[in-house]
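The values are calculated or read from the model by the stated rules, or taken from the named source; none is laboratory data. Not measured: the values here are computed from a predicted model. Because the Cβ atoms are built from the backbone with ideal geometry, glycine has one as well, and the counts that use them run over all protein chains shown. What goes into the accessible areas is simple: the full protein's heavy atoms, side chains included, and nothing from ligands, DNA or RNA. Shrake-Rupley method; radii C 1.70, N 1.55, O 1.52, S 1.80 Å.
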Amino acid sequence: MNLNLFMKNGIQGILRSMSRFYLGDPVGRAFLVKMLLQSKKSAEQRERHEKAGTHIPPFLIASIASRCNLRCAGCYARAGGACGEDGAARELTAAQWADIFGQAAELGVSFILLAGGEPLMRRDILEAAAATPIVYPIFTNGTLLDGDTLSLFEQHRNLIPVLSIEGGRTATDARRGAGVYDQVDAAIARLRERGLLYGVSITVTKENQPVVMRTDFVSRLEKQGCGGVIYVEYVPVEAGSEHLVLDEADRVRAADSARELKDSFPQMVILSFPGDEEAIGGCLAAGRGFFHINPAGGAEPCPFSPYARQNLQEHSLLEVLGSAYFRRLRSISEGAGDPAGGCTLFQHKDEVEALLAQEGCF
């Protein structure tokens, strides 16, 4: 399928899910009208750049915080060095992030996924994001959703919380800590009470796949007011966790389950990675569909391949997207064939590291 058409259809699906939540209240309707107009404008901006020879992805991923109040097992941010107690001094300021968000809006980026660390620990950056005409799914562990934060989301509907869970109470607490499931469940109840759109993100492992990709599991989420589910196949960034990786039979079942869920829940956004990537020719990293900005401003191909050659403190988004480094990274992923796991570039990290070490590869 054509990449740009796939991305356009994905954006329309997200907007449809928003409509289901927000057509019934005045603030929500005003937001929808604004976003529909902005979506059309952003698509035109991307098309102009495409004709000029630069592909602008409609999505970015920005890890805005290097700190987190939890220590989840197998955390890719900690394993890659983006998350840690000593990282606060390297974090970009809210003003620097505001400049990046403004550049993204000018280029036609429609969505910036905010991650961390725990992004709710940077309220100043969330406020900067709220002021730009971009939709921000915020990937949060859900334990810091207090009344002030919920009010911020209520006033700025372009900020959409995406809560991380592992399945039920046992699986979630095993990875994230005792009592976390109940805290997230309480946060879900508060979001539903206020009528706010939210989603969930689930890292799919060999252990939880039989549960989290069942229709009854997603049906329960839908009844709780959830508007979308993002499935991300586990990448073994932590030594000793290889037993959690899906094998080929698991991935076939996951792809079949994802198709069934999309058919069964047409009003929800159901995304699966890397499954959805494979439908459009493979890895979306390094600017093909998105790229990742770490808390210090480093421009990385994706969160699972944390190798930055340029920094947004010194280079513009347009320079990064047009860089030789990102072009070479895309050629690595395009020539890699079908991945044997959740992340193509992670599996080819020796090649990525060798490319990173080359002089003059910008």
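Results for (1) modelled with pLDDT under 90; (2) hydroxyl-bearing (Ser, Thr, Tyr), shown as yes or no for each residue.
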| site | (1), (2) |
| --- | --- |
| Glu242 | yes, no |
| Asp247 | no, no |
| Ala254 | no, no |
| Ser257 | no, yes |
| Asp263 | no, no |
| Met268 | no, no |
| Pro274 | yes, no |
| Glu277 | yes, no |
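When Ala187 is tested against (1) within 21 Å of the chain's Cα centre (by Cα); (2) at pLDDT below 95, exactly one condition is not met: (2).
Candidates are the residues of the stretch 279-332 that are more than 19 Å from the chain's Cα centre (by Cα) and of a type in the set (Ser, Thr, Tyr); the one that is surrounded by the fewest Cβ atoms within 10 Å (Cβ to Cβ) is Ser331. Considering (1) crowded, with 17+ Cβ neighbours inside 10 Å; (2) under 22 Å from Val232 (Cα atoms), the lone condition that Lys8 does not fulfil carries the number (1).
Going through (1) open to solvent by less than 20 Å² (accessible area, probe 1.4 Å); (2) in contact with a His (Cβ under 9 Å, 6 or more places away or on another chain) one by one, Gly74 falls short only on (2). Given the criterion in a helix (DSSP H, G or I), under 22 Å from the mean Cα position of the chain (by Cα) and of a type in the set (Lys, Arg), identify the matching residue among Arg71, Arg46, Arg67. Arg46 is the lone residue from the list that is in a helix (DSSP H, G or I), under 22 Å from the mean Cα position of the chain (by Cα) and of a type in the set (Lys, Arg).
If you go through the stretch 22-62 and pick out every residue that is open to solvent by 20 Å² or more (accessible area, probe 1.4 Å) and touching a strand residue (DSSP E or B) at 6+ places or on another chain (Cβ under 8 Å), you end up with 2. A single entry from Ala30, Ala77, Ala62 fulfils the requirement of being part of a helix (DSSP H, G or I) and in contact (Cβ under 8 Å) with a residue 24 or more places away in the chain: Ala77. Hey, can you tell me all the residues within the stretch 85-102 that are buried (at least 17 other Cβ atoms within 10 Å of the Cβ) and touching a Leu at 6+ places or on another chain (Cβ under 8 Å)? Residues satisfying the conditions are Leu92, Ile100. Listed by position, the helices (runs of 4 or more DSSP H) enclosed by the stretch 113-189 include none that has at least 3 residues that are of a type in the set (S, T, N, Q), closer than 26 Å to Phe31 by Cβ and open to solvent by less than 20 Å² (accessible area, probe 1.4 Å).
Please indicate, with yes or no, whether at least one residue in the stretch 251-262 is of a type outside the set (S, T, N, Q), closer than 30 Å to Ala324 by Cα and in a helix (DSSP H, G or I). No: zero hits.
Annotation: Ala82 fulfils all but one of (1) of a type outside the set (Lys, Arg); (2) open to solvent by 30 Å² or more (accessible area, probe 1.4 Å); (3) not in a helix (DSSP H, G or I); the unmet one is (2). Filtering the stretch 219-237 for residues that are out of contact with any Ser or Thr (no Cβ under 7 Å at 6 or more places or on another chain), hydrophobic (A, V, I, L, M, F, W, C), more than 28 Å from Thr344 (Cβ to Cβ) and open to solvent by less than 30 Å² (accessible area, probe 1.4 Å) leaves a non-empty set.
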